[in-house]
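**Q** Sharing a structure below in structure tokens format, with a few things to ask.
The values are calculated or read from the model by the stated rules, or taken from the named source; none is laboratory data. A quick note: this is a predicted structure, and the numbers were derived from the prediction, not measured. Each accessible area value is taken on the protein alone, full model and side chains, heavy atoms only, with ligands, DNA and RNA left out. Shrake-Rupley method; radii C 1.70, N 1.55, O 1.52, S 1.80 Å.
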Amino acid sequence: MAKTLAAEPKGKAFPFFYKSRSVPARVPKLIWINFILPFSRFLYYTIYIMKKNLHCFGILFGFLLLLSGCSSTKKIRENTWKFLEQNNESIHYYNYYEDFRAPTESEIQDEIIDEENNKFLFLRLYNPHSSFNIGSNILQKGIEITETHDTSGSHLSIGFDLTDNFYGLTLYAKPNLKLEHCTDTSTNEYMKSCNPKKSLQTTYALEVSKKEYDTAYAWIKRKVETENAHYDVSENFKIAGALLSTNPNSRKADKPLSQAEEFLEFENMNKFVCSTFVCHVLYSSVDNIRRFMNENLIDPDYTTPTDVISMPGIKKLFTSNWNDYNIAAQNFVDMNPVFLDYL
């Protein structure tokens, strides 16, 4: 059964700045898009959610305390500028064959699938740098400080080859689910707000069957064509609250779902953040991912970008700044011919 989505406020109580995409007179467009509109939405959702749930005040206060803390004591993560500088690199390539997780018994059984018919899905994890996008900066900083994985990133997208064409869900893009190009940020409002020279990306691969590949592609195609995937800011507060909770079950699913049940739930949903959207695509399409999530009762609606890329079978390929993506992809394929058909 699909989960009930929280109703949005109606009428005059719902501020103009949430739905309005037009720029008021005498306000420079760049300032409106990158400062006033994101901050207004953030402030509104903060007040609205706190009114509805008193405990959210504690969550927000704790989140702000985390933001004010010092992250310099954290381990240097391998997809950051500090890591690249430490290794005197501008692009880092991972050994695809060494970065291999030992298969479980159930995964070994799945090897009966003819390997020649297997394909790859690709994920792209972003560490964006923006001087003006306050909402993105707050989210980035919060995730960096609360991060529990060896990698960090505040945005996630999915692709079907290694060309610079990945699908991502963001608040600023019109529509929210849209192609993202690291080397041409002008075509996407979210990407446009970031500095491609200072922003980083790490690309990952997941080997799947042709059927699983086609299913994932069909989901993306359907969601793009119907424009039935929207970025919901309040979902970030929900995930942040679960991350800060002392309850170990705060991000657990109620029960495992079959593929048919997940199909129905995903079809009826239209509100996500970037990571929950990508996770639902994988959960509904890839048997090994669904099995892993069901065995661990992982709720896709509470997953962060690094939760998704840390799942079994997902392997790191390369890290670069956005401008150098095509160079990094070409060099990686030259070193790993198994990916030759994807570029």
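**Q** Long-range amide H contacts for F120: which residues qualify at under 5 Å (H placed 1.01 Å from N, peptide plane, sequence gap of 5 or more or a different chain)?
**A** Amide H to amide H, under 5 Å and 5 or more residues apart or across chains, F120 pairs with V208.
**Q** Related question: When the accessible area of region 218-343 is split by element with a 1.4 Å probe, what percent falls to carbon and sulfur?
**A** 50
**Q** With a/c under 1.5 counting as rounded, go ahead and sort region 157-202 into rounded, prolate or oblate using the C-alpha gyration tensor (a ≥ b ≥ c being the square roots of the eigenvalues; past the cut-off, prolate if a/b is larger than b/c, else oblate).
**A** Working: a/c = 1.74, a/b = 1.02, b/c = 1.71.
Oblate, because a/c is 1.5 or more while a/b does not exceed b/c.
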